[in-house]
Amino acid sequence: MLYSLRMRAELKGEHVSGAERIVGATQIEKTIRGFIKRPRQYDKMVITLEKLESIEYIPRALPIKSYDFKRVEEAHSFAIQMLSKEGINKDIALKGLELLKRGPSPKGGNIRGAVLLDVDTGERLEPDPERGIRTVRFDWKNREHIKKLLKERGIKRFYLERLLDALALATKNIYCGVMAELCWSDDPDYTTGYTAGKNIGYVRIKPMKEEEVPFGGRVYFVKGNSLEEIIACLEKKAILIEGL
Ligand code: COA
Ligand code: AMP
C-alpha cells in the first residue's frame, strides 16, 4: 500500500513552504519528521496523509539538458526556439514569457499554481487565474538513488532538491498531456528556469530572469479540447517515476 504525504506551511496567512512524497507505510514517520524540519519559519503547518487507491509508473524522467547564456534576452529567445519544437508558435510562447515576467496574476504578481495557456487561441484556461492549477501526487520511486545519480552527473548541491522536484513535476505534466511547459521560480535568488516537452526533454536555461526579481511561475501549454482530462490527471493521478 502506498500513501500520498503532503505538507504545507504558512506564516501570517502566507504560504511559505510545500512538499510532497509518495511512500510505503514504513516510511511515513520518517517523512513527517523531515517535513517538520523543512520550513525555516511558520506559524501553521498542515500535513495530509492519504491512502492511494491506484498508482501509475513512468519508467524514465524527461532527459535533462542545460544551457547558460550571458543575458536574459538570449535565454528567452532560446526558450522560444525550444517551445517551437513542441509546436508552440512564437506569439503564444511570447505571451507565456510576458505572464511570468510580471507574475501571472491578473492584478500582477505570483499565483498559487500554473497557468494553462491554450496553444491555439492564447487564452488562459484555468478556472481561477489567481490560483492556477497545481500538479500534485507525484514522486520518485527511489528518490535517494536518483539524487545520487544527479550528483554523479555533476549537479551542484544548490540545485539538487529543486531539480529533483521540478524534473518530476515536468515529467508528470508531459505524461498528463501538457504539450510543453515554461517555468522560472519566483524566488529572487534563483534565476535558472526551464522549458520541457516530449521532443526537447527537460531543458534547464539560465538566466531566465534578472537577480532579485520576485516574480515567476509556470505556464502549461495545452490543447483546449482536452482540458478536463489534463486537469484531472495533473491534480489527481498518483505517479511514481522510476528512473533517469
Ligand atoms: N503555493 C501557494 N499556496 C499554496 C501552495 C503553493 N504551491 N500549495 C498549497 N497552497 C495553499 C493555498 O492557499 C491552497 O488553497 P487553494 O487551493 O485555494 O490555492 C491551500 O494551501 C490548500 O492547498 P492544497 O492543494 O489542498 O494542498 P495539498 O495538501 O494538496 O498540498 C502541496 C499541495 C503543498 C504539496 C503542493 O502545492 C506543493 O507545494 N508541492 C511540493 C512542491 C513542488 O514540488 N513544487 C513544484 C516546484 S519544483
Ligand atoms: P517554485 O519553483 O517553487 O519557485 O514555484 C514557482 C511557481 O510555480 C509558483 O509561484 C507557482 O506559481 C507555481 N507552482 C508551485 N508549485 C506548483 C505545483 N505543484 N504545480 C503547479 N505550479 C506550481
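The values are calculated or read from the model by the stated rules, or taken from the named source; none is laboratory data. The model shown is predicted, which means the values in this text are computed figures rather than measured ones. Reconstructed Cβ throughout: ideal geometry from the backbone, glycine too, with neighbour counts over all protein chains shown. We work out accessible area using only protein heavy atoms, side chains counted, and drop any ligands, DNA or RNA first. Shrake-Rupley method; radii C 1.70, N 1.55, O 1.52, S 1.80 Å.
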Output for Cβ contacts, cut-off 8 Å, separation at least six or different chains, first residue on the phi > 0 side of the Ramachandran plot in the stretch 96-122, second part of a helix (DSSP H, G or I) and more than 9 Å from ligand 2 (Cβ to nearest atom), reads GLY108/ARG102; GLY109/ARG102; GLY122/ASP91; GLY122/ILE92; GLY122/LYS95
Among the candidates GLY154, GLY132, GLY113, residue that is open to solvent by 30 Å² or more (accessible area, probe 1.4 Å), in the same structural domain as GLU98 (by TED's automatic domain parsing) and of a type outside the set (A, V, I, L, M): GLY154
Restricting the stretch 138-151 to residues that are of a type in the set (A, V, I, L, M) and surrounded by 14 or more Cβ atoms within 10 Å (Cβ to Cβ), which is farthest from GLU50 (Cα to Cα)? LEU150
The stretch 12-24 residues that are part of a strand (DSSP E or B), paired with ones that are within 8 Å of ligand 1 (Cβ to nearest atom) and open to solvent by less than 20 Å² (accessible area, probe 1.4 Å) (beta carbon under 6 Å, 6 or more apart): ALA19/MET7
For the stretch 7-58, enumerate the residues that are closer than 28 Å to TYR175 by Cα, away from ligand 1 (no atom under 12 Å from the Cβ) and open to solvent by 90 Å² or more (accessible area, probe 1.4 Å). LYS51, GLU53, TYR57
For the stretch 194-244, name all the residues that are in contact (Cβ under 8 Å) with a residue 60 or more places away in the chain, over 13 Å from THR135 (Cβ atoms), assigned to a loop (DSSP other than H, G, I, E, B) and charged (D, E, K, R). LYS198, LYS209, GLU210, LYS223
Scan of the stretch 168-191 for residues that are out of contact with any Asp or Glu (no Cβ under 9 Å at 6 or more places or on another chain) and assigned to a loop (DSSP other than H, G, I, E, B), ordered by number: VAL178, SER185, ASP186, ASP187, TYR190
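Table: residues versus (1) farther than 15 Å from GLY217 by Cα; (2) in a helix (DSSP H, G or I); (3) under 14 Å from the mean Cα position of the chain (by Cα).
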| site | (1), (2), (3) |
| --- | --- |
| LEU100 | no, yes, yes |
| GLY108 | no, no, no |
| THR121 | yes, no, no |
| VAL136 | yes, no, yes |
| HIS145 | yes, yes, no |
| ALA166 | no, yes, yes |
Tell me, which residue of the stretch 172-187 that is under 20 Å from GLY243 (Cβ atoms) and open to solvent by 10 Å² or more (accessible area, probe 1.4 Å) is nearest to ligand 2 (Cβ to nearest atom)? CYS176
Identity of the residue in the stretch 188-201, open to solvent by 10 Å² or more (accessible area, probe 1.4 Å) and farther than 18 Å from LEU97 by Cβ, that ends up nearest to the chain's Cα centre (by Cα): LYS198
Residues being touching a strand residue (DSSP E or B) at 6+ places or on another chain (Cβ under 6 Å) and either open to solvent by less than 10 Å² (accessible area, probe 1.4 Å) or away from ligand 1 (no atom under 14 Å from the Cβ) (or both) - total across the stretch 203-232: 12
